[in-house]
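Written below as structure tokens is the structure these notes are about.
Only the coordinates and a few stated rules stand behind these numbers; no lab work does. Since the model is a prediction, treat every value here as computed from it, not as a measurement. Cβ coordinates were reconstructed from backbone atoms using ideal geometry, including for glycine residues, and neighbour counts include every protein chain displayed.
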Number of protein chains: 2
Amino acid sequence: MKKPDKGQIWVKHGDVLVENMPTWHERRILAYGEGMMCVENIFESGEKAPWHEHFHTQITYVIEGEFDFNVEGEHQLVGPGDSVFMAPHAYHEVICTKPGKVIDLFAPMRDDFVE
Amino acid sequence: MKKPDKGQIWVKHGDVLVENMPTWHERRILAYGEGMMCVENIFESGEKAPWHEHFHTQITYVIEGEFDFNVEGEHQLVGPGDSVFMAPHAYHEVICTKPGKVIDLFAPMRDDFVE
């Protein structure tokens, strides 16, 4: 299993590298190219992605579970089907309140995730 | 229920407009801003998104179901967790083979979806 190549058209879930993360359960880098990157993250209750920012636009889409999301100091509980928009350099963090899975989308792609 | 506003941070699934589409079941425009847009599409078996192209980079992530995806004439069956990368102007179409749900991501945003 490995991270997909840049611009790889077909990215099968079972083929991609599973990364164990310092503060949450698993990360999978999925399809990406210059303009955009799709990343799947899995959290257990109490795990978190700590307060940070980046120049990429980000959208998070919740597939399963529940998350306490903080964008620029405003908190919301989000669940399946909810999505969150983060403008470039918007500070954000997320704490998992029920075990779940999210898709994080970045535009442009996160070069730092595949270096 | 209405489409979210551009740059709206919090987009709750239950608040967004459900659109019945000519060739597939339902579309929901979710979070978006200038750089990126997230769209949820629901298909019944046999429904399709016909052969087309656009200048936006697209990634499709499959949440549920099974789809016969065609990118530039190459077919693959994709299912939950699989993702597909479409470069700008890559022709593509999708036919649903088991009822399901996908997330379509576009960079930059699809202005034509919210005009």
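Is it true that residue B:35 is facing chain A (nearest Cβ under 8 Å), surrounded by fewer than 21 Cβ atoms within 10 Å (Cβ to Cβ) and more than 14 Å from the chain's Cα centre (by Cα)?
no
Can you go through A:22, A:99 and tell me which one is of a type outside the set (Phe, Trp, Tyr), out of contact with any helix residue (DSSP H, G or I) (no Cβ under 9 Å at 6 or more places or on another chain) and not in a loop (DSSP other than H, G, I, E, B)?
Numbers: A:22 fails: not in a loop (DSSP other than H, G, I, E, B).
Just a single option satisfies the conditions, and that option is A:99.
When region B:1-29 is limited to residues that are within 16 Å of the chain's Cα centre (by Cα) and touching a residue at least 60 places away in the same chain (Cβ under 8 Å), the one that is farthest from residue A:35 (Cα to Cα) turns out to be B:24. Each residue in region B:8-19 was checked for being within 7 Å of chain A (Cβ to nearest Cβ) and either surrounded by fewer than 22 Cβ atoms within 10 Å (Cβ to Cβ) or in a loop (DSSP other than H, G, I, E, B) (or both), and 5 of them qualify. Do we have residue A:49 as more than 25 Å from residue B:101 (Cα to Cα) and in contact (Cβ under 8 Å) with a residue 12 or more places away in the chain here? Considered against the rule, which asks whether it is more than 25 Å from residue B:101 (Cα to Cα) and in contact (Cβ under 8 Å) with a residue 12 or more places away in the chain, residue A:49 comes out as yes.
Are any residues in region A:64-91 in a strand (DSSP E or B) and surrounded by fewer than 21 Cβ atoms within 10 Å (Cβ to Cβ), and if so, which ones?
First, the residues of region A:64-91 that are in a strand (DSSP E or B): A:64-71, A:74-78, A:83-86.
The answer is A:64, A:65, A:66, A:68, A:70, A:71, A:74, A:75, A:76, A:77.
Looking at region A:102-115 only, could you name the residues that are part of a strand (DSSP E or B) and more than 20 Å from residue B:101 (Cβ to Cβ)?
Initial filter on region A:102-115 (part of a strand (DSSP E or B)): A:102-107.
Listed by number, the residues that qualify are A:106, A:107.
Filter region B:46-63 down to residues that are assigned to a loop (DSSP other than H, G, I, E, B) and either within 10 Å of chain A (Cβ to nearest Cβ) or at negative phi (or both) and give me whichever is surrounded by the most Cβ atoms within 10 Å (Cβ to Cβ). Step by step, filter region B:46-63, then rank; the result is B:56.
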